[in-house]
1. Just wondering, is there one or more residues in segment 106-123 that are of a type in the set (S, T, Y), in contact with a helix residue (DSSP H, G or I) (Cβ under 7 Å, 6 or more places away or on another chain) and closer than 30 Å to D31 by Cα?
2. So for segment 162-171 (the condition being open to solvent by 50 Å² or more (accessible area, probe 1.4 Å) and of a type in the set (F, W, Y)), does at least one residue qualify?
3. Name every residue in segment 18-41 that is open to solvent by 40 Å² or more (accessible area, probe 1.4 Å), out of contact with any helix residue (DSSP H, G or I) (no Cβ under 6 Å at 6 or more places or on another chain) and either modelled with pLDDT under 95 or over 11 Å from V160 (Cα atoms) (or both), in order of residue number.
4. Specify the residue that is farthest from the chain's Cα centre (by Cα); the eligible residues are those in segment 175-212 that are at pLDDT below 95, surrounded by fewer than 17 Cβ atoms within 10 Å (Cβ to Cβ) and charged (D, E, K, R).
5. Here are some conditions: (1) basic (K, R); (2) in contact with a Lys or Arg (Cβ under 6 Å, 6 or more places away or on another chain); (3) at pLDDT 95 or above. R78 meets all but one. Which one does it not meet?
6. Would you check which residues across segment 115-147 are touching a residue at least 60 places away in the same chain (Cβ under 8 Å), in a helix (DSSP H, G or I) and open to solvent by 40 Å² or more (accessible area, probe 1.4 Å) and list them?
Amino acid sequence: MITRPLAARYINSIDYGEAWDLQKEYVGEIDRGERVETLLLLQHPPTYTLGTDRHPEHLLLAPEELRERGISVYEIDRGGDITYHGPGQLVGYPLMYLDAKGLNLHGFLRDLEQVIIDWLADYGISGSRKPEYTGVWVGDDKIAAIGIKFNKSRLRRGFVTSHGFALNIKAGIGKEGFTGIVPCGIQEFGVTSFEDLTGQTMELERAAREILPHFMKRFGFHPA
């Protein structure tokens, strides 16, 4: 199998706006061939992001409550509705070039889900999909949200991806930021995390190290 190089970068914590600017910079450089494809793995301070399918009524907190809780809000250009990012959640931003020939955007989302499903399986957790929703579930509780932007390439026939997945690692994260929203507009299901499911402590940097080989295998990469 022919693979291509992938650069991976772990950032312990970074403001959402700063990371968004970094993604835009990398997307342009990858499009121009000035940077190899890159996977950013990181966590954010408490943040709500509203995607292009946004429903403002799914944000349940008033501005003064957001300030009291120290939660930032961004309206962004990925697909999907509202979600939460915060400490204890591993966020992955795959910045990849997808050639237009044989392009399957839905297949890309399914492959990204499979990366997380495969990692969960290493710990005996049965991750699954719900046909009507993007993301990864354990039973009726969501453990990972996924929202992607396919940026049209300016120099080639294809797209460069940005945004990505948010995988809940630390226990209790569902009771922290997610109680202030209707996550992804889904009212009938809950939210869970790796630690809630297993009772095991998991450091985010370790989770990032373990997910990386699953990502490279699924998408056909080798380390840059």
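The values are calculated or read from the model by the stated rules, or taken from the named source; none is laboratory data. Remember, it's a predicted structure, so these values are computed and weren't measured experimentally. Here the Cβ is made from the backbone with ideal geometry for all residues, glycine too, and neighbour counts use every protein chain on show. What goes into the accessible areas is simple: the full protein's heavy atoms, side chains included, and nothing from ligands, DNA or RNA. Shrake-Rupley method; radii C 1.70, N 1.55, O 1.52, S 1.80 Å.
1. Step one: filter segment 106-123 for residues of a type in the set (S, T, Y), giving 123.
Checking the rest, the ones that are also in contact with a helix residue (DSSP H, G or I) (Cβ under 7 Å, 6 or more places away or on another chain) come to 123.
If we keep only those that are closer than 30 Å to D31 by Cα as well, we get none.
No, that holds for no residue.
2. No, every residue in segment 162-171 fails to be open to solvent by 50 Å² or more (accessible area, probe 1.4 Å) and of a type in the set (F, W, Y).
3. E18, W20, D21, E25, G33, E34, V36 - these are the residues of segment 18-41 that are open to solvent by 40 Å² or more (accessible area, probe 1.4 Å), out of contact with any helix residue (DSSP H, G or I) (no Cβ under 6 Å at 6 or more places or on another chain) and either modelled with pLDDT under 95 or over 11 Å from V160 (Cα atoms) (or both).
4. Across segment 175-212, the extreme among qualifying residues is E188.
5. Every condition holds for R78 apart from (3).
6. The one that is touching a residue at least 60 places away in the same chain (Cβ under 8 Å), in a helix (DSSP H, G or I) and open to solvent by 40 Å² or more (accessible area, probe 1.4 Å): D118.
Residue-wise test of (1) under 23 Å from L197 (Cα atoms); (2) aliphatic (A, V, I, L, M).
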position: E68; (1), (2): no, no
position: E75; (1), (2): no, no
position: T83; (1), (2): yes, no
position: D99; (1), (2): no, no
position: S126; (1), (2): yes, no
position: K130; (1), (2): yes, no
position: I143; (1), (2): yes, yes
position: G147; (1), (2): no, no
